[in-house]
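Below is one structure; the comments refer to it alone.
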Amino acid sequence: MTDLYEKNFGGGTAWIFPGQGSQYPNMGQVFDRASEKRLMEKASDILKYPADRLIGPDPDGFQNRTEWTQPALLLVSALYVGRLQDEGNPRPDLYLGHSLGEYSALVASGSLLFEEALMAVHLRGRFMQEAIPEGEGLMAAVLGMDREAIRSVLEGLGPAGPEEYAGMANMNSPGQVVIAGSRERVREASERLKAAGARKVIPLAVSVPSHTPLMESAAKRMIPVLEGLAWTIPDGPVISNVTATPSSDPAVLKERLIRQITAPVLWEDSVREAVRSGISVFLEVGPGTILSGLGRRIDKNAAWESVDKPTEVS
């Protein structure tokens, strides 16, 4: 992976970490070094399940179950970080991650211990899954419509009951916003958004309406978990999803991580903040290239690379 740094793009470098939706079968098959096997053994002991199966062929179908998806993705990102370090690649100037990926960013930066974060995200996934009955939540990607137009349509839905909600959950890139909430409310919103000019509204294969007030019970359950972690100052600033601003203060990063469960992911804003601060090279550290693809829509002048299936910079 050292060749990812051979091009002289100038400016600073950020490592970016993907969240749910980036997983795929056998995403961990490239990890065969002794140090990587030791980390997988450690993960297996913590999760009480073979990590090589979870990030490999996934015979039990755990990879797409939220409480297992989250530790699986954190593990793969941590394995890639270890490989980057083993190969002598320089540390980045900045870290940021999309939703769950914020945990990976905090581990990579040294602010959280891998072992503690792995169990924390396992619990996070479980709490999120239990926050709303199976099948009662929905997320949908809205394409070709700006935020203000989407917000106007959502506000026009009218009064809703305490368990009815539809709102913006992920501001991913220009022309791509994910809405989430209760199933029927999101379906109604989807029809109105299409009628108002959205190019497409695509339901996602996710039953947990992440980053909405419907996750309040999960956020409350995560408070003691996050309070119990051994937080330290990261080796570089971490941009948080909820504010799209960087911090190296563990107390601030922890508080933002709690809010993250119920608040929208400001990914486009986070990337723009990184560019504004002098970052011109983004390296996606984890499975797939979803964030690199979004990044090219946000800033075409920056360089976008991935440790997994690297693509040419456009």
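Please treat every number below as a calculation from the coordinates, not as lab data. Values in this document were obtained by computation on a predicted structure and should not be read as measured data. Don't worry about glycine lacking a Cβ; one is built from the backbone with ideal geometry, like all the others, and counts go over all protein chains shown.
Report relative contact order for region 137-207 in percent, whole number only (criteria: Cα-Cα under 8 Å, sequence separation at least 6).
On the way: 127 pairs, mean separation 35.7, N = 71.
Relative contact order of region 137-207: 50 percent.
Compute the acute angle (0 to 90°) between the alpha-carbon long axis of helix 250-260 and the principal axis of greatest extent of the alpha-carbon atoms of the chain; round to the nearest 10°.
40
If you take the alpha carbon radius of gyration of region 137-207 and divide it by 2.2 N^0.38 Å, what ratio comes out, to two decimals? Kindly include the intermediate steps, with their values, before the conclusion.
Details: Rg = 10.8 Å, N = 71, 2.2 N^0.38 = 11.1 Å.
Against the compact-globule rule of thumb, the ratio is 0.97.
Label region 152-273 by shape, choosing from rounded, prolate and oblate, from the square roots a ≥ b ≥ c of the eigenvalues of the Cα gyration tensor; if a/c is under 1.5 it is rounded, and otherwise prolate applies when a/b is larger than b/c, oblate when it is not.
Working: a/c = 2.99, a/b = 1.66, b/c = 1.80.
Oblate shape, in that a/c is at least 1.5 and b/c is the bigger or equal ratio.
Using only the Cα atoms of region 257-310, each taken as one equal point scatterer with no solvent, compute I(q) by the Debye sum, divide by I(0), and report log10 of the ratio at q = 0.23, 0.26 Å⁻¹.
-0.91, -1.03
On the first, second and third principal axes, largest extent first, how far apart are the outermost C-alpha atoms of region 191-261 in Å?
Here the spans come out as 48, 27, 18 Å, largest first.
In 20 Å bins starting at 0, how do the alpha-carbon pair distances of the chain split up by percent?
Computed distribution, short to long bins: 34, 59, 7.
Is the shape of region 22-72 best called rounded, prolate or oblate, per the rule: a/c under 1.5 gives rounded, else a/b larger than b/c gives prolate, else oblate, with a ≥ b ≥ c the square roots of the Cα gyration tensor eigenvalues?
Values: a/c = 2.02, a/b = 1.33, b/c = 1.51.
Taking the square roots of the gyration eigenvalues as a ≥ b ≥ c, region 22-72 is oblate.
Over the alpha carbons of region 1-109, what is the largest minus smallest coordinate on each principal axis, giving the biggest first in Å?
The Cα atoms of region 1-109 stretch 45, 30, 21 Å along their principal axes.
Any chance you could run the full-extension gain for GLN29 through SER248? It's 0.36 nm times the residue separation minus the Cα-Cα distance, nm to one decimal.
Values: separation 219, 0.36 × 219 = 78.84 nm, distance 3.36 nm.
So the extension gain works out to 75.5 nm.
Can you list residues from other chains, or at least 5 along the same chain, whose modelled amide H is less than 5 Å from the amide H of MET139?
Placed amide hydrogens put LEU204, VAL206 under 5 Å from MET139.
Along the positive direction of the dipole of the chain (beta-carbon charges: Lys, Arg +1; Asp, Glu -1; about the Cα centre), which of THR212, ALA196, LEU39 reaches farthest?
ALA196
Pick out, from PRO133, PHE114, ALA160, the residue whose Cα sits farthest towards the positive end of the charge dipole of the chain, with +1 on the Cβ of Lys and Arg and -1 on the Cβ of Asp and Glu.
ALA160
Measure nothing but the geometry: give the 0 to 90° angle between the long axis through the Cα atoms of 267-276 and the longest principal axis through the Cα atoms of the chain, rounded to 10°.
Its long axis makes an angle of about 50 degrees.
Quick one: 3J(HN,Hα) in Hz for region 189-206, Karplus 6.51/-1.76/1.60 with θ = phi - 60°, rounded, Gly and Pro as x.
The phi angles translate into 4, 4, 5, 5, 5, 5, 5, 8, x, 4, 5, 8, 10, 10, x, 9, 7, 9 Hz.
Taking only Cα atoms, what is the 0 to 90° angle, nearest 10, from helix 66-86's long axis to the longest principal axis of the chain?
30
With an 8 Å cut-off on Cα pairs and a minimum separation of 6 or more residues, tell me the relative contact order of the chain in percent.
Numbers: 631 pairs, mean separation 73.0, N = 314.
Over the chain, the number comes to 23 percent.
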